[in-house]
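The values are calculated or read from the model by the stated rules, or taken from the named source; none is laboratory data. Remember, predicted model here, so these are calculated numbers, not experimental data. Positions of Cβ are backbone-derived with ideal geometry, glycine not excepted, and every protein chain shown enters the neighbour counts.
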């Protein structure tokens, strides 16, 4: 698929997709006419990258993480600096806290809707 279709299917602007590619987060091939061509698997990759960025992970760290995330085996065992491991652990704890808050809010909305009388 071309970059416009990938943009439409992921909701990520073409400019940002080009940036992801420059950073080594997403790859494409070039057609004879110079157009980028993306595999269908790029949709999942872009969504994963976007989620990690939204979680506050820098693109340089994401680039290092991607081979591990793409592998289903434990054969890819990264070696990282202690400070990065600590930073990622802190970020994970923050995400866990946020997930807990979101779950409580979801439950509150569910309870409200279950008790509400809907009119009109």
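Side notes on the structure shown:
- Breaking point among (1) within 24 Å of residue 14 (Cβ to Cβ); (2) surrounded by fewer than 15 Cβ atoms within 10 Å (Cβ to Cβ); (3) modelled with pLDDT of 85 or more, for residue 70: (3)
- Within the option set 30, 36, 9, being in contact with a helix residue (DSSP H, G or I) (Cβ under 7 Å, 6 or more places away or on another chain) and modelled with pLDDT under 95 holds for one residue only, 36.
- Candidates 92, 98, 82 - the one that is surrounded by fewer than 13 Cβ atoms within 10 Å (Cβ to Cβ), modelled with pLDDT of 90 or more and over 18 Å from the mean Cα position of the chain (by Cα): 82
- Selection from the stretch 23-60 of residues that are over 23 Å from residue 4 (Cα atoms) and surrounded by 15 or more Cβ atoms within 10 Å (Cβ to Cβ): 57
- Counting only helices (runs of 4 or more DSSP H) that sit completely within the stretch 1-83, those holding 2 or more residues that are within 20 Å of residue 95 (Cα to Cα) and free of Cβ contacts under 8 Å to residues at least 60 places away in the same chain correspond to 41-54, 59-70.
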